[in-house]
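**Student:** This is the structure I want to talk about, given as structure tokens.
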Amino acid sequence: MSESSAGNDITLEQGLSGIVEDWAQEKQTFHVPWGKAMMWIFLLSDTFIFSCFLVAYMKVRASIVAGWPNTSEVFALTLFGHHIPLILIAIMTFVLITSSGTMALAVNYGYRRDRSKTVLLMAATALLGASFVGMQAFEWTKLIVDEGVRPWGNPMGAAQFGSFFFMITGFHGLHVSAGVIYLSIVAFKVWRGDYEQSGNYEIVEIAGLYWHFVDLVWVFIFAFFYLW
Amino acid sequence: MAYVPIADRGQEMSHPHSWVTKYVWSQDHKVIAIQYSITAIAVGVVAMVLSGLMRLQLGFPDTFSFIDPNQYYQFVTMHGMIMVIYLLTALFLGGFGNYLIPLMCGARDMVFPYMNMLSYWVYLLSVLILMASFFVPGGPTGAGWTLYPPQAIAQGTPGIGAGILLMLISLGVFIVAFTMGGLNYVTTVLQARTHGMTLMRMPLSVWGIFTATVLGLLAFPALLVSAIMMTLDNLIGTSFFMPAMVSMGELNEHEGGSPVLFQHLFWFFGHPEVYIVALPAFGIVSDLISTHARKNIFGYRMMVWAIVGIGALSFIVWAHHMYVSGMNPYFGFFFATTTLIIAVPTAIKVYNWVLTLWRGNLQLNVPMLFAIGFIFTFTHGGLTGLFLGNVVVDLPLSDTYFVVGHFHMVMGVSPVLVLFGAIYHWFPKITGKMFSETLGKWHFWLTLLGTYSIYLPMHYLGFLGVPRRYFAFDGTDFIPASAEAANVSITVAALIVAATQILFFINVIYSLFYGKKADPNPWGATTLEWQTPQNPPEHGNWGDELPRVYRWAYDYSVPGAKQDFIPQNVPPEAVEKAE
């Protein structure tokens with residue numbers, strides 16, 4: 001990367017026209033396969049969906065008159081006699097971030113054409129994702145059954161708390177569930193050797209892109225909904 | 001690593017053989033384009049009939065017993081939503097986007113043909129869901145096409161049961177369909193162009209459609225989110241948008257919702273949507289004008305940057321639709337400023353169209369007439385837009401017919417004129433037959449003059465203060481009798497324009513069967529779609545070898561060349577010199 005240090009004296013204008021020139025060359029605009037380009041564009045679009053959800057939530061949260069429930073109390077669990085705030089969410093977040101790690105390893109082994117390790121790691125990723133959804137189901141059940149939180153109201157405060165909680169985590173949970181199914185299908189096809197002929201394991205990376213995106217979105221939901 | 005054009009990597013094309021795989025479950029972008037177009041036009045005819053019914057009521061109140069106030073609002077709502085989303089968006093992007101992108105970029109098809117096919121069938125599903133709302137108890141929703149809460153789902157609005165639900169579901173399904181198609185269009189333009197087709201050699205049609213698709217992919221999410229939230233408010237009683245209020249003498253069961261939140265989400269989609277419709281029209285009209293003026297487009301690079309710039313700006317102007325909702329004056333100042341800034345790239349485009357016409361060898365055939373008509377109607381609608389972009393002018397005019405006139409001029413008539421021009425222009429390529437010039441010219445002149453006699457008086461009505469959205473004007477003494485006369489004349493003109501469209505259908509259907517065989521390149525156009533080995537192009541578009549592009553799309557009347565156009569795929573050494 002010695003070139004980059006030499007490029008310090010390039011002005012912004014030169015840099016911008018360089019980008020335009022680069023894009024306007026006789027080539028694909030991005031040096032990636034079609035499927036990967038499409039996944040990136042889809043994720044950009046999906047980013048706007050989640051942003052709209054979160055911005056709408058922030059707007060309501062900032063202007064609501066009724067009191068907002070204290071999230072660290074609502075999402076607290078009593079484990080072994082200790083009352084620990086946000087413990088379940090912390091575990092869920094840990095699980096999901098871990099699954100991103102296994103996914104990254106799967107992509108690496110995919111490109112090395114190490115099929116068994118790829119399948120194993122993808123299965124682990126899907127399993128971690130499924131356990132995330134399972135814990136979410138537990139969280140929902142606890143809120144609905146034990147604490148009486150409903151989408152249209154709750155005993156703790158503003159009705160919108162439940163509305164946004166179920167809508168945003170539900171929409172994200174659907175993304176995770178879809179991802180688990182998607183990863184399982186791709187893992188199965190890798191196991192069956194569908195990509196051996198072409199030797200092209202980009203599909204693993206494309207599935208990985210989606211998975212990392214879903215994890216990244218969770219980080220924002222975690223920060224804005226649970227920690228705020 | 002040497003560059004290997006991806007379109008050249010030998011992927012076997014399997015050509016369909018049975019009638020069903022060729023014309024029904026087709027993965028060919030050209031067939032999908034025609035399916036999209038036919039569906040969009042069919043549903044557009046429904047919306048046109050609805051507008052005729054509205055005009056009957058406004059022109060001749062107390063005459064037609066079959067139009068009651070509830071139905072009137074249902075007609076307004078369905079007319080608006082169908083025209084904006086299910087006709088214009090679908091026809092420009094699903095129809096022309098599908099047809100033109102692979103042909104103009106020199107690709108064999110969209111990058112993922114199967115997903116492209118799904119896109120159409122999901123779109124058809126959304127149309128069917130929307131049409132079903134005409135037949136459910138209570139009828140379709142009458143909330144106004146913007147579906148503003150609280151009235152969209154409050155007691156007293158027509159169609160608050162199944163009607164609004166079907167509308168919201170249909171919108172959601174449409175967005176899924178659009179996303180599948182849109183990802184294809186964007187990826188195809190970025191990644192699947194042929195040799196030599198650099199981004200700055202692409203015809204402006206492709207630039208317009210491409211930028212509009214990007215806008216769609218980023219703007220429809222806001223509509224999806226607002227549709228989901230309103231569905232939840234309606235179905236299970238959440239309070240995202242619904243405040244506590246008394247309607248029809250009853251306290252509703254909502255509390256603390258924010259109706260203005262919906263307006264922000266809706267217009268964050270709604271304003272880019274204007275450009276989702278307008279940018280393809282800009283692009284296509286540039287190509288029509290350049291081709292039929294036998295002259296290169298003036299300022300090609302500026303035209304491209306104007307399209308991209310308008311697209312980017314369209315995301316930061318949305319609240320100019322909400323001046324009357326009330327906002328911090330600084331916000332009004334911000335949104336008025338950004339709105340007026342959009343006039344700069346738009347004006348560049350208009351100047352460039354006019355300068356392309358300047359001293360051109362104008363061929364006043366049907367597509368060209370529509371293109372020139374567009375310049376008039378668009379300039380007209382754009383100028384009234386400058387009035388409405390200012391907060392202080394907008395406040396008194398916002399709820400009057402001035403807005404209806406402005407909006408229909410700029411987003412109704414203008415794109416529709418381009419659509420007609422484009423259909424006439426590419427008809428010989430799509431069908432291999434020529435249409436009737438005479439019928440086409442009648443269609444043009446009646447449509448252009450007719451629409452002017454519809455929408456010009458509306459500006460006058462607006463200045464008089466005639467409120468829009470009203471079913472009847474009883475008890476509004478400030479409205480002079482001349483307004484009623486204007487309303488009658490508008491209605492008569494509207495019915496004539498509606499009837500005129502029959503000429504278009506006769507022309508298309510008659511020419512399809514009995515039209516004389518078209519030349520493969522009847523207009524002498526340079527772009528790739530006119531250089532296909534077969535006319536109309538077959539599955540795979542290019543026969544055995546992909547075309548190679550040597551020049552931009554606008555080599556018309558090049559000095560020293562024998563012909564007055566040089567197709568994009570003619571190498572420099574093959575250009576015939578003039579004697």
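The values are calculated or read from the model by the stated rules, or taken from the named source; none is laboratory data. Predicted model, so just to flag it, every value in this text is computed and none were measured. Here the Cβ positions follow ideal geometry from the backbone for every residue, glycine too, while neighbour counts run over all protein chains shown.
**Student:** Tell me, which residue of segment B:166-184 that is over 16 Å from the mean Cα position of the chain (by Cα) and not aliphatic (A, V, I, L, M) is farthest from the other protein chains (Cβ to nearest Cβ)?
**Tutor:** Filtering first and then ranking leaves B:170.
**Student:** Give the number of residues within segment A:54-64 that are more than 8 Å from chain B (Cβ to nearest Cβ) and either of a type in the set (D, E, K, R) or surrounded by 15 or more Cβ atoms within 10 Å (Cβ to Cβ) (or both).
**Tutor:** The number of residues fulfilling the criteria is 4.
**Student:** Hey, can you tell me all the residues within segment B:539-556 that are within 24 Å of residue B:284 (Cα to Cα) and either aromatic (Phe, Trp, Tyr) or without any contact (Cβ under 8 Å) to a residue 40 or more places away in the chain (or both)?
**Tutor:** Across segment B:539-556, the qualifying residues are B:542, B:550, B:552, B:554, B:556.
**Student:** Still on this model: Among (1) exposed (fewer than 15 other Cβ atoms within 10 Å of the Cβ); (2) farther than 30 Å from residue B:77 by Cα, where does residue B:525 come up short?
**Tutor:** (1)
**Student:** Among the candidates B:186, B:176, B:225, B:214, single out the residue that is without any contact (Cβ under 8 Å) to a residue 40 or more places away in the chain and in a helix (DSSP H, G or I).
**Tutor:** Sole residue among the options that is without any contact (Cβ under 8 Å) to a residue 40 or more places away in the chain and in a helix (DSSP H, G or I): B:186.
**Student:** If you don't mind, there's one more thing I want to ask. Any residue that is outside any helix (DSSP H, G or I) and either at pLDDT below 95 or closer than 19 Å to residue A:190 by Cα (or both) - is there at least one of those in segment A:96-109?
**Tutor:** No, because not a single residue in segment A:96-109 is outside any helix (DSSP H, G or I) and either at pLDDT below 95 or closer than 19 Å to residue A:190 by Cα (or both).
**Student:** Which of the numbered conditions does residue B:524 fail, given that it passes all the others? Conditions: (1) closer than 30 Å to residue B:22 by Cβ; (2) touching a strand residue (DSSP E or B) at 6+ places or on another chain (Cβ under 6 Å).
**Tutor:** It is condition (1) that residue B:524 fails.
**Student:** State whether the residues of segment B:130-138 include one that is assigned to a loop (DSSP other than H, G, I, E, B), over 24 Å from residue B:42 (Cβ atoms) and either without any contact (Cβ under 8 Å) to a residue 40 or more places away in the chain or polar (S, T, N, Q) (or both).
**Tutor:** yes
**Student:** Residue A:215 - would you say it is modelled with pLDDT of 95 or more and within 22 Å of residue A:118 (Cβ to Cβ)?
**Tutor:** So residue A:215 passes the test.
**Student:** Hey, another quick one. Kindly indicate whether residue A:56 is closer than 30 Å to residue A:128 by Cβ and within 17 Å of the chain's Cα centre (by Cα).
**Tutor:** no
**Student:** Sticking with this one: Could you please tell me which pairs satisfy a Cβ distance under 7 Å, a separation of 6+ or placement on different chains, a first residue in segment A:110-129 that is over 17 Å from residue A:185 (Cβ atoms), and a second residue that is of a type in the set (S, T, N, Q) and not in a helix (DSSP H, G or I)?
**Tutor:** No pair meets every condition.
**Student:** Looking at B:381, B:405, B:326, which is the one that is under 22 Å from the mean Cα position of the chain (by Cα), farther than 30 Å from residue B:528 by Cβ and surrounded by fewer than 23 Cβ atoms within 10 Å (Cβ to Cβ)?
**Tutor:** B:381
The rows are residues; the columns are (1) touching a helix residue (DSSP H, G or I) at 6+ places or on another chain (Cβ under 7 Å); (2) without any contact (Cβ under 8 Å) to a residue 12 or more places away in the chain; (3) surrounded by 16 or more Cβ atoms within 10 Å (Cβ to Cβ).
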{"site": "A:17", "(1), (2), (3)": "no, yes, no"}
{"site": "A:22", "(1), (2), (3)": "no, yes, no"}
{"site": "A:52", "(1), (2), (3)": "yes, yes, yes"}
{"site": "A:66", "(1), (2), (3)": "no, no, no"}
{"site": "A:82", "(1), (2), (3)": "no, yes, no"}
{"site": "A:89", "(1), (2), (3)": "yes, no, yes"}
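**Student:** Across segment A:19-31, what is the number of residues that are more than 8 Å from chain B (Cβ to nearest Cβ) and under 25 Å from the mean Cα position of the chain (by Cα)?
**Tutor:** 1
**Student:** So which of B:57, B:74 ends up being in a helix (DSSP H, G or I) and surrounded by 24 or more Cβ atoms within 10 Å (Cβ to Cβ)?
**Tutor:** Criteria check complete, one pass: B:74.
**Student:** Tell me yes or no: at least one residue of segment B:197-213 is under 23 Å from residue A:39 (Cα atoms), within 8 Å of chain A (Cβ to nearest Cβ), in contact with a helix residue (DSSP H, G or I) (Cβ under 7 Å, 6 or more places away or on another chain) and at pLDDT 95 or above.
**Tutor:** no
**Student:** Further question: For segment B:234-265, name all the residues that are within 11 Å of chain A (Cβ to nearest Cβ) and over 19 Å from residue A:68 (Cβ atoms).
**Tutor:** B:235, B:236, B:237, B:253, B:260, B:262, B:264, B:265 - these are the residues of segment B:234-265 that are within 11 Å of chain A (Cβ to nearest Cβ) and over 19 Å from residue A:68 (Cβ atoms).
**Student:** Okay, next question. Going by the conditions given, is residue B:49 modelled with pLDDT of 95 or more, within 26 Å of the chain's Cα centre (by Cα) and surrounded by fewer than 19 Cβ atoms within 10 Å (Cβ to Cβ)?
**Tutor:** yes
**Student:** Sort out for me the helices (runs of 4 or more DSSP H) sitting completely within segment B:376-479 that have 3 or more residues that are farther than 29 Å from residue B:64 by Cβ.
**Tutor:** B:391-397, B:414-431, B:437-464
**Student:** In this structure, is residue B:84 at pLDDT 95 or above and under 17 Å from residue B:171 (Cβ atoms)?
**Tutor:** Taking the combined requirement at face value, the residue satisfies it.
**Student:** Suppose we filter segment B:139-159 for residues that are closer than 23 Å to residue B:45 by Cα, surrounded by fewer than 18 Cβ atoms within 10 Å (Cβ to Cβ) and over 23 Å from the mean Cα position of the chain (by Cα); how many remain?
**Tutor:** Adding up the residues that qualify gives 0.
**Student:** Answer yes or no: is there a residue in segment B:489-512 that is under 26 Å from residue B:399 (Cβ atoms), outside any helix (DSSP H, G or I) and in contact with a helix residue (DSSP H, G or I) (Cβ under 7 Å, 6 or more places away or on another chain).
**Tutor:** Checking segment B:489-512: not a single residue is under 26 Å from residue B:399 (Cβ atoms), outside any helix (DSSP H, G or I) and in contact with a helix residue (DSSP H, G or I) (Cβ under 7 Å, 6 or more places away or on another chain).
**Student:** Still on this structure, please answer the following. Which condition number in (1) surrounded by fewer than 15 Cβ atoms within 10 Å (Cβ to Cβ); (2) without any contact (Cβ under 8 Å) to a residue 12 or more places away in the chain; (3) within 14 Å of chain B (Cβ to nearest Cβ) is the one that residue A:9 fails?
**Tutor:** Of the numbered conditions (1) surrounded by fewer than 15 Cβ atoms within 10 Å (Cβ to Cβ); (2) without any contact (Cβ under 8 Å) to a residue 12 or more places away in the chain; (3) within 14 Å of chain B (Cβ to nearest Cβ), the odd one out for residue A:9 is (3).
**Student:** Additional query: I'm checking my understanding of the structure. Among residues of segment B:266-305 that are among the hydroxyl-bearing types (Ser, Thr, Tyr) and more than 13 Å from chain A (Cβ to nearest Cβ), which one is surrounded by the fewest Cβ atoms within 10 Å (Cβ to Cβ)?
**Tutor:** Among those residues, the one meeting the criterion is B:291.
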